[in-house]
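Engineer: My structure is below; once you've seen it, I'll send some questions.
Read-outs throughout are calculated quantities, based only on the coordinates presented, and are distinct from any laboratory measurement. What you are looking at is a predicted structure, and each value in this text was computed from that prediction instead of being measured. Here Cβ is always computed from backbone atoms with ideal geometry, including for glycine, and neighbour counts include all displayed protein chains.
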Amino acid sequence: MNEGLTLEVIWRDEHIVELRITVANGRFAGVADCYGPPDVLLQFANAIRGFPQRADDRRRFDFGAGTGSVKTSWMTENGGLVRVVAEIQAEKFRNEELPETATLQILVEPAAVDRFVGTLAHLEPEPGAIATLLPR
């Protein structure tokens, strides 16, 4: 599994997009399939565009709700790096009582965020489309 934050379009129609979101940091990884509006990739790009603008800049963007969700928090670190914390909740596994959850983080360069935003902003939400934010 590649490190970073990866969004892959799995399915779409005129009302909804299904994304497979994978977050991996070399020690831990998590995957969740989430649903959102057709412009969810553009909404996400706009939410993190220009990050960070100052040392105390913090942002949040959530994909999906309940099971099948990924909540991302974006903050700056000493030394100018960006810390992305992802809280992942996946569907119940093998009829277990509780859904599976994971919280992990990746460190990225601000320039990588800019490149990722550019990719998201121009990505057509068609099945097979992929955008990845690569870690430092």
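Engineer: How long is the gain from W11 to L134 if the chain were fully straight, where each residue apart is worth 0.36 nm and the alpha carbon distance is subtracted?
Structural biologist: On the way: separation 123, 0.36 × 123 = 44.28 nm, distance 2.36 nm.
Difference between extended and current length: 41.9 nm.
Engineer: Just to confirm the filter: which trypsin sites (Lys or Arg not before Pro) across the stretch 92-129 are DSSP coil and have at most 13 other Cβ within 10 angstrom of their Cβ? Kindly include the intermediate steps, with their values, before the conclusion.
Structural biologist: Numbers: sites: K92, R94, R115; in loops: R94.
Those that pass, being in a loop and sparsely packed, are R94.
Engineer: Across 5 Å bins from 0, what is the distribution of all Cα-Cα pair distances for the stretch 4-133, in whole percents?
Structural biologist: 2, 11, 20, 24, 20, 13, 6, 3, 1, 0
Engineer: Select from the stretch 69-125 those GluC sites (Glu not before Pro) which occupy a DSSP coil region and have at most 10 other Cβ atoms within 10 Å, ordered by residue number. Can you show the working numbers first?
Structural biologist: Working: sites: E77, E87, E91, E96, E97, E100; in loops: E77, E96, E97.
Qualifying residues, ordered by number: E96, E97.
Engineer: Continuing with the same structure: Relative contact order for the stretch 4-133: what percent, with Cα pairs under 8 Å and sequence separation of 6 or more? Don't skip to the answer; put the middle values down first.
Structural biologist: Working: 294 pairs, mean separation 35.9, N = 130.
Answer for the stretch 4-133 is 28 percent.
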